[in-house]
Amino acid sequence: MQGSRIRLTGIGEGLESTLQTTLGGGDSPLLVLQALNTIFPELNRSTLDPEPIFGKAIETQWEFEKVSLESFLQLLHEQRILDTALDAMSRGLDGERTMFHLSRQAAMAGKIAFPIPGEQPLGGVFEIHLSGNGLIEWLEAATWHSGRTQVPRSIDDERAMQDDGEASTWH
């Protein structure tokens with residue numbers, strides 16, 4: 001049944017999506033691009049900044065628009081972290097827009113990790129911005145799984161992850 005379910009991508013669905021990341025200090029542009037392509041394989045840069053050398057730190061920002069979320073959403077399903085994703089992706093919700101972070105270090109290993117708000121994880125983050133009419137419904141649909149037929153979830157419900165990243169206890 002799962003194979004017959006429609007999977008969302010964020011493209012052509014009335015959603016604007018951008019991804020930003022800041023490279024600073026000793027961040028290797030090549031390694032950051034590899035991490036990026038693990039989760040967002042269609043994103044590319046025509047030229048890469050030179051690798052940092054001792055005494056010459058880099059400071060640059062990359063930005064991508066109209067980012068397909070297809071591979072990202074597929075990884076959420078494969079890693080079975082859809083409820084966590086719903087909570088993390090909706091935490092920065094403000095009307096019809098939201099912003100969330102993904103760990104670049106986890107991306108290097110092909111994993112999705114949402115850093116605890118306010119913390120800057122080792123290796124930096126990818127910052128994702130989503131906006132559009134019906135964003136709340138889109139987030140709930142994009143992270144839907146069959147377990148929600150028995151235990152329904154919605155944004156900011158009593159089962160949402162706590163601010164420190166701990167799971168809510170419920171029965």
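Please treat every number below as a calculation from the coordinates, not as lab data. Computed from a prediction, not measured in an experiment: that's the story for all the values here. For neighbour counting, all protein chains shown are included, and Cβ atoms are generated from backbone atoms with ideal geometry for every residue, glycine included.
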Spacing of the two label points (7 Å from each Cα toward its C-beta) at Ala57 and Leu30, in nm: 2.3
Additional length obtainable on full extension of the chain from Glu119 to Asn37, 0.36 nm per residue less Cα span: 27.2 nm
Karplus (6.51, -1.76, 1.60) ³J(HN,Hα), θ = phi - 60°, over the range 18-24, in Hz, Gly and Pro reported as x: 10, 10, 10, 8, 10, 9, x
Debye intensity ratio I(q)/I(0), log10, the range 16-149, q values 0.10, 0.12, 0.18 Å⁻¹ (C-alpha model): -0.33, -0.47, -1.02
Net +/- balance of residues flanking Ile81 in space, Cβ distance below 11 Å, scoring K and R +1, D and E -1: -1
Karplus-derived HN-Hα couplings along the range 91-107 (A = 6.51, B = -1.76, C = 1.60, θ = phi - 60°), whole Hz, x at Gly and Pro: 4, x, 5, 9, x, 9, 9, 8, 9, 8, 10, 10, 6, 5, 5, 5, 4
FRET efficiency, 1/(1 + (r/R0)^6) with R0 25 Å, evaluated for Ser146 and Glu65 via beta carbons: 0.15
Inverse of mean 1/r across different Cα pairs in the range 17-92, Kirkwood, Å: 14.1
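Relative contact order for the range 16-149 using alpha-carbon pairs under 8 Å, separation at least 6, rounded to a whole percent?
Values: 211 pairs, mean separation 42.9, N = 134.
Here the relative contact order equals 32 percent.
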Per-residue ³J(HN,Hα) for the range 8-16, Karplus 6.51 cos²θ - 1.76 cosθ + 1.60, θ = phi - 60°, Hz, x for Gly and Pro: 7, 10, x, 9, x, 10, x, 10, 9
Mean Cβ neighbour count within 10 Å, used as a protection proxy, ranking 119-125, 140-146 highest first: 140-146, 119-125
Arg80 paired with Arg45, simple spin-label distance in nm, labels 7 Å along Cα-to-beta-carbon: 3.6
